[in-house]
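Let me begin by presenting the structure, written as C-alpha coordinates, before commenting on it.
The values are calculated or read from the model by the stated rules, or taken from the named source; none is laboratory data. Since this is a predicted model, take the numbers as computed values, not measurements. Note: ideal-geometry Cβ built from the backbone for every residue, glycine included; neighbour counts use all protein chains shown. Remember, those area values only see protein heavy atoms, side chains included, never the ligands or the DNA or RNA. Shrake-Rupley method; radii C 1.70, N 1.55, O 1.52, S 1.80 Å.
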Amino acid sequence: FFSSRRRHTRYIGDWSSDVCSSDLLEPALAGDAVVAVSLGGSRLTAERAGGEWLVSGRRERVLHGAAADLVVVDAATPEGIALFVLRADDLAVTERTTIDPTRRQADLGAGAVPARCVVGPERSPRVVERLRSLGDLAVAAEHTGIVGELLRSEEHTSELQSPMYLVCRLLLEKK
(Lines give C-alpha, C1' and ligand atoms only; values in the text may rest on other atoms or scores of the structure.)
Protein backbone atom coordinates (compact mmCIF):
# COMPACT_ATOMS: atom_id res chain seq x y z
CA PHE A 1 0.00 0.00 0.00
CA PHE A 2 1.68 3.12 -1.26
CA SER A 3 -0.06 5.38 1.22
CA SER A 4 1.16 3.48 4.23
CA ARG A 5 4.65 2.53 3.06
CA ARG A 6 5.79 5.85 1.74
CA ARG A 7 3.77 8.51 3.49
CA HIS A 8 3.67 7.20 7.03
CA THR A 9 6.70 5.04 7.56
CA ARG A 10 9.10 7.57 6.09
CA TYR A 11 7.87 10.10 8.59
CA ILE A 12 8.02 7.59 11.45
CA GLY A 13 11.79 7.56 11.00
CA ASP A 14 11.94 11.28 11.71
CA TRP A 15 10.18 11.02 15.07
CA SER A 16 12.77 9.52 17.34
CA SER A 17 15.41 6.89 16.67
CA ASP A 18 15.37 5.61 20.24
CA VAL A 19 11.60 5.06 20.21
CA CYS A 20 11.18 3.88 16.62
CA SER A 21 13.63 1.05 16.75
CA SER A 22 14.30 -1.35 13.94
CA ASP A 23 11.57 -3.79 15.03
CA LEU A 24 8.99 -1.19 13.96
CA LEU A 25 10.67 0.77 11.21
CA GLU A 26 12.64 -1.71 9.12
CA PRO A 27 9.81 -4.14 8.25
CA ALA A 28 7.55 -1.24 7.24
CA LEU A 29 10.15 0.42 5.03
CA ALA A 30 11.04 -2.93 3.44
CA GLY A 31 7.40 -3.49 2.54
CA ASP A 32 7.06 -6.44 4.90
CA ALA A 33 4.63 -4.64 7.20
CA VAL A 34 1.66 -2.40 6.48
CA VAL A 35 1.25 0.69 8.64
CA ALA A 36 -2.13 2.36 8.98
CA VAL A 37 -2.56 5.78 10.58
CA SER A 38 -5.73 6.85 12.37
CA LEU A 39 -5.83 10.38 13.74
CA GLY A 40 -8.84 11.98 15.37
CA GLY A 41 -12.23 10.36 15.36
CA SER A 42 -13.46 8.51 18.41
CA ARG A 43 -11.37 9.05 21.49
CA LEU A 44 -8.70 6.62 22.56
CA THR A 45 -7.06 6.79 25.97
CA ALA A 46 -3.62 5.67 27.09
CA GLU A 47 -2.49 4.93 30.62
CA ARG A 48 0.75 3.68 32.10
CA ALA A 49 0.59 0.30 33.79
CA GLY A 50 3.88 -0.74 35.27
CA GLY A 51 6.51 0.07 32.69
CA GLU A 52 4.27 0.03 29.62
CA TRP A 53 1.51 2.01 27.98
CA LEU A 54 -1.97 0.52 27.51
CA VAL A 55 -4.37 2.00 24.96
CA SER A 56 -8.15 1.57 25.18
CA GLY A 57 -11.06 2.61 22.98
CA ARG A 58 -12.32 2.19 19.46
CA ARG A 59 -11.55 3.72 16.06
CA GLU A 60 -13.92 3.45 13.14
CA ARG A 61 -13.27 3.42 9.40
CA VAL A 62 -9.49 3.10 9.61
CA LEU A 63 -8.06 3.12 6.08
CA HIS A 64 -6.07 -0.09 5.48
CA GLY A 65 -7.00 -1.11 9.03
CA ALA A 66 -7.91 -4.66 7.98
CA ALA A 67 -4.54 -5.16 6.24
CA ALA A 68 -2.36 -3.35 8.78
CA ASP A 69 0.35 -4.96 10.85
CA LEU A 70 0.91 -1.75 12.82
CA VAL A 71 -1.47 1.12 13.53
CA VAL A 72 -0.38 4.61 14.56
CA VAL A 73 -3.03 6.36 16.65
CA ASP A 74 -3.40 9.47 18.74
CA ALA A 75 -4.62 8.87 22.28
CA ALA A 76 -5.30 11.01 25.33
CA THR A 77 -2.84 10.62 28.20
CA PRO A 78 -2.89 12.45 31.55
CA GLU A 79 -0.24 14.81 30.06
CA GLY A 80 -2.08 15.41 26.77
CA ILE A 81 -2.45 13.81 23.32
CA ALA A 82 0.39 11.50 22.27
CA LEU A 83 1.00 9.17 19.31
CA PHE A 84 1.25 5.42 19.82
CA VAL A 85 2.01 2.39 17.69
CA LEU A 86 -0.25 -0.59 18.23
CA ARG A 87 0.25 -4.08 16.84
CA ALA A 88 -2.80 -5.14 14.83
CA ASP A 89 -2.64 -8.63 16.34
CA ASP A 90 -3.56 -7.06 19.70
CA LEU A 91 -6.68 -5.33 18.30
CA ALA A 92 -10.22 -6.46 17.62
CA VAL A 93 -10.46 -5.84 13.85
CA THR A 94 -13.85 -5.71 12.12
CA GLU A 95 -13.49 -5.25 8.37
CA ARG A 96 -16.05 -3.01 6.68
CA THR A 97 -17.54 -3.50 3.25
CA THR A 98 -16.55 -0.61 0.98
CA ILE A 99 -17.30 0.32 -2.60
CA ASP A 100 -13.61 0.68 -3.46
CA PRO A 101 -11.70 -2.55 -2.70
CA THR A 102 -8.40 -0.65 -2.89
CA ARG A 103 -9.44 1.43 0.12
CA ARG A 104 -10.28 -1.27 2.61
CA GLN A 105 -11.46 -0.01 5.97
CA ALA A 106 -11.90 -1.56 9.38
CA ASP A 107 -13.13 -0.70 12.83
CA LEU A 108 -10.47 -1.29 15.46
CA GLY A 109 -11.12 -2.03 19.12
CA ALA A 110 -8.43 -1.69 21.77
CA GLY A 111 -9.14 -3.14 25.19
CA ALA A 112 -6.11 -2.02 27.21
CA VAL A 113 -3.65 -3.24 24.56
CA PRO A 114 0.11 -2.72 24.87
CA ALA A 115 1.37 0.30 22.93
CA ARG A 116 4.61 2.06 22.20
CA CYS A 117 4.59 5.83 22.63
CA VAL A 118 6.38 7.27 19.59
CA VAL A 119 5.60 10.97 20.04
CA GLY A 120 4.88 12.56 23.39
CA PRO A 121 2.36 15.33 24.11
CA GLU A 122 4.94 18.11 23.71
CA ARG A 123 5.60 17.25 20.03
CA SER A 124 2.39 15.54 18.92
CA PRO A 125 0.56 18.65 17.58
CA ARG A 126 3.36 19.30 15.06
CA VAL A 127 3.65 15.65 14.06
CA VAL A 128 -0.12 15.23 13.66
CA GLU A 129 -0.26 18.36 11.49
CA ARG A 130 2.59 17.02 9.34
CA LEU A 131 0.95 13.59 8.97
CA ARG A 132 -2.32 15.20 7.92
CA SER A 133 -0.52 17.38 5.36
CA LEU A 134 1.27 14.36 3.93
CA GLY A 135 -2.03 12.51 3.73
CA ASP A 136 -3.65 15.39 1.85
CA LEU A 137 -0.71 15.56 -0.51
CA ALA A 138 -0.86 11.82 -1.23
CA VAL A 139 -4.58 11.99 -2.04
CA ALA A 140 -4.05 15.01 -4.30
CA ALA A 141 -1.23 13.22 -6.15
CA GLU A 142 -3.37 10.13 -6.58
CA HIS A 143 -6.28 12.15 -7.94
CA THR A 144 -3.99 14.01 -10.33
CA GLY A 145 -2.78 10.67 -11.67
CA ILE A 146 -6.33 9.41 -12.12
CA VAL A 147 -7.38 12.54 -13.98
CA GLY A 148 -4.26 12.37 -16.15
CA GLU A 149 -5.03 8.79 -17.13
CA LEU A 150 -8.63 9.68 -17.95
CA LEU A 151 -7.49 12.54 -20.14
CA ARG A 152 -5.03 10.32 -22.02
CA SER A 153 -7.45 7.45 -22.50
CA GLU A 154 -9.51 7.29 -25.68
CA GLU A 155 -11.76 4.68 -24.05
CA HIS A 156 -13.41 7.32 -21.87
CA THR A 157 -14.84 9.56 -24.57
CA SER A 158 -18.15 9.98 -22.76
CA GLU A 159 -16.33 11.32 -19.70
CA LEU A 160 -14.44 13.75 -21.93
CA GLN A 161 -17.69 15.53 -22.74
CA SER A 162 -18.72 16.04 -19.12
CA PRO A 163 -18.40 19.32 -17.16
CA MET A 164 -16.01 17.52 -14.78
CA TYR A 165 -13.66 16.87 -17.70
CA LEU A 166 -13.59 20.56 -18.54
CA VAL A 167 -12.77 21.50 -14.94
CA CYS A 168 -10.01 18.86 -14.76
CA ARG A 169 -8.57 19.96 -18.08
CA LEU A 170 -8.47 23.60 -16.95
CA LEU A 171 -6.74 22.60 -13.71
CA LEU A 172 -4.10 20.56 -15.54
CA GLU A 173 -3.47 23.32 -18.08
CA LYS A 174 -2.72 25.75 -15.21
CA LYS A 175 0.37 23.67 -14.30
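Numbers for the structure displayed
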{"item": "Backbone N under 20 Å from the Asp32 label point (7 Å along Cα→Cβ), restricted to the range 46-81", "result": "67-72"}
{"item": "Projected label distance in nm at Glu149 and Arg103, using a 7 Å step from Cα toward the beta-carbon", "result": "1.4"}
{"item": "Mean accessible surface per residue for the range 116-157, computed with a 1.4 Å probe while every protein chain stays in place, in Å²", "result": "67"}
{"item": "Cα lying deepest toward the dipole's positive end in the range 87-157, options Gly135, Ile99, Val118, charges on Cβ", "result": "Val118"}
{"item": "Solvent-accessible area, 1.4 Å probe, carbon plus sulfur percent, for the range 90-152", "result": "56"}
